[in-house]
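The values are calculated or read from the model by the stated rules, or taken from the named source; none is laboratory data. Remember, predicted model here, so these are calculated numbers, not experimental data. Here the Cβ is made from the backbone with ideal geometry for all residues, glycine too, and neighbour counts use every protein chain on show. For accessibility, only protein heavy atoms count, side chains too; no ligands or nucleic acids. Shrake-Rupley method; radii C 1.70, N 1.55, O 1.52, S 1.80 Å.
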Amino acid sequence: MSNTKEVDWAVTELCSHLCDKAYSDKEGMTTYLKENNIKYSSVKFFTNDSAQGYGIVMPDYVVIALRGTEPTKVKDMLADIKAWPSESDTDGKVHAGFKAEIDKLYPALVKWLKPKSKKKLIITGHSLGAAMATILASRLKPTTPDLVLYTFGCPRVGNREWGVQFDDIEAYRFVNTNDIIPQVPMLGYYRHVGQLQYISYDYRILTGLNWWHRFVDKVKGKLKAWSKFQLFNGIYDHLSVHYIKKIKLRK
């Protein structure tokens, strides 16, 4: 379910790096931008309780990069497990924990975005940040038509009714082989949204794969990981640095 065009790989690579740097402080984010000669006019750090993210103004667009789950933060972990349905504020229902996290930043994000509404908006996130980014995209779309969503390792966020609105949202959902987080919450009430960009164990990025071809690739990925004594393959594949590596070296 999504309104997709063609993936912009330069933007994809940028977003994968910004999602990784979203786990660092503001100095870490600005250092990355400067060292890589990425033009920007301002960086805003948003924080409220356990929710954090960045707003970055660039020449051609504005980027919102939301921080994912930090294993050392108890409140991040609690957000992940509050899986009961909650009213989404648009249509349908979403995961209560994910909604609670984006609610903490939403007023400040809207206020910051208002004077920048003429620029193209790119929303991105990894893990919990991807779930927050997905809910944010659904809320902003009615007032921000020029919007694109890029997520990495995103869990299932909302129910079928909520997902219908992504028929009108350009959204790309990257999943790295056996990443465990896109497999939760368990298949049933919650559904994925956006065009799946499946990253195979051998660095290909594929769309339109059926479940059987993904299953075969996942098995190959596990076997390759186990041969390297990477026993926790699902966690390993979830790390943002491995999304960066595979996207950069894609075949």
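Among the numbered conditions (1) more than 23 Å from Ala100 (Cβ to Cβ); (2) surrounded by 14 or more Cβ atoms within 10 Å (Cβ to Cβ); (3) out of contact with any Lys or Arg (no Cβ under 6 Å at 6 or more places or on another chain), the only one that Leu149 does not meet is (1). Evaluate the following for Trp162: is it over 18 Å from the mean Cα position of the chain (by Cα) and of a type outside the set (Lys, Arg)? No, not satisfied.
In the set (1) open to solvent by 20 Å² or more (accessible area, probe 1.4 Å); (2) closer than 20 Å to Lys111 by Cβ, Val63 fails one condition alone, (1). Scanning region 1-34 for residues that are of a type in the set (Lys, Arg), out of contact with any helix residue (DSSP H, G or I) (no Cβ under 6 Å at 6 or more places or on another chain) and modelled with pLDDT of 95 or more yields Lys26, Lys34.
Considering each of Tyr32, Tyr23 in turn, give the residue that is within 11 Å of Tyr54 (Cβ to Cβ), open to solvent by 20 Å² or more (accessible area, probe 1.4 Å) and in contact (Cβ under 8 Å) with a residue 60 or more places away in the chain. Give the derivation first.
Working: Tyr32 fails: in contact (Cβ under 8 Å) with a residue 60 or more places away in the chain.
Of Tyr32, Tyr23, the one residue that is within 11 Å of Tyr54 (Cβ to Cβ), open to solvent by 20 Å² or more (accessible area, probe 1.4 Å) and in contact (Cβ under 8 Å) with a residue 60 or more places away in the chain is Tyr23.
Quick one: count up the residues across region 97-106 that are out of contact with any helix residue (DSSP H, G or I) (no Cβ under 7 Å at 6 or more places or on another chain) and either at pLDDT below 95 or part of a loop (DSSP other than H, G, I, E, B) (or both). Matching residues across region 97-106 total 0.
Counting the residues of region 217-238 that are free of Cβ contacts under 8 Å to residues at least 12 places away in the same chain, open to solvent by less than 90 Å² (accessible area, probe 1.4 Å) and farther than 11 Å from Asn178 by Cα gives 2. When region 197-214 is filtered for residues that are more than 15 Å from Tyr236 (Cα to Cα) and aliphatic (A, V, I, L, M), the ones remaining, listed by number, are Ile205, Leu206, Leu209. Here is the figure for region 142-174: residues that are among the acidic types (Asp, Glu) and over 28 Å from Ala10 (Cβ atoms) total 1.
Looking across region 101-127, the residues that are open to solvent by less than 20 Å² (accessible area, probe 1.4 Å) and of a type outside the set (A, V, I, L, M, F, W, C) come down to Glu101, Thr124, Gly125, His126, Ser127. Against the condition in contact with a Gly (Cβ under 9 Å, 6 or more places away or on another chain) and β-branched (Val, Ile, Thr), how does Thr177 come out, does it pass? Spelling it out, Thr177 is indeed in contact with a Gly (Cβ under 9 Å, 6 or more places away or on another chain) and β-branched (Val, Ile, Thr). Looking only at region 44-55, which residues are in a strand (DSSP E or B) and open to solvent by 20 Å² or more (accessible area, probe 1.4 Å)? Those that are in a strand (DSSP E or B) and open to solvent by 20 Å² or more (accessible area, probe 1.4 Å): Lys44, Phe45, Thr47, Asn48. Contact annotation: residue pairs with Cβ atoms under 6 Å, 6 or more positions apart or on different chains, pairing a residue in region 48-68 that is in contact (Cβ under 8 Å) with a residue 24 or more places away in the chain with a partner that is of a type in the set (Gly, Ala, Ser) and surrounded by fewer than 22 Cβ atoms within 10 Å (Cβ to Cβ), are Val57/Ser41; Val57/Ser42; Ile64/Gly55. When the test is whether a residue is modelled with pLDDT under 95, among the small types (Gly, Ala, Ser) and out of contact with any strand residue (DSSP E or B) (no Cβ under 9 Å at 6 or more places or on another chain), Ser50 passes it. Within region 160-206, the set of residues being acidic (Asp, Glu), open to solvent by 40 Å² or more (accessible area, probe 1.4 Å) and under 17 Å from Ala133 (Cα atoms) comprises Asp167, Asp168.
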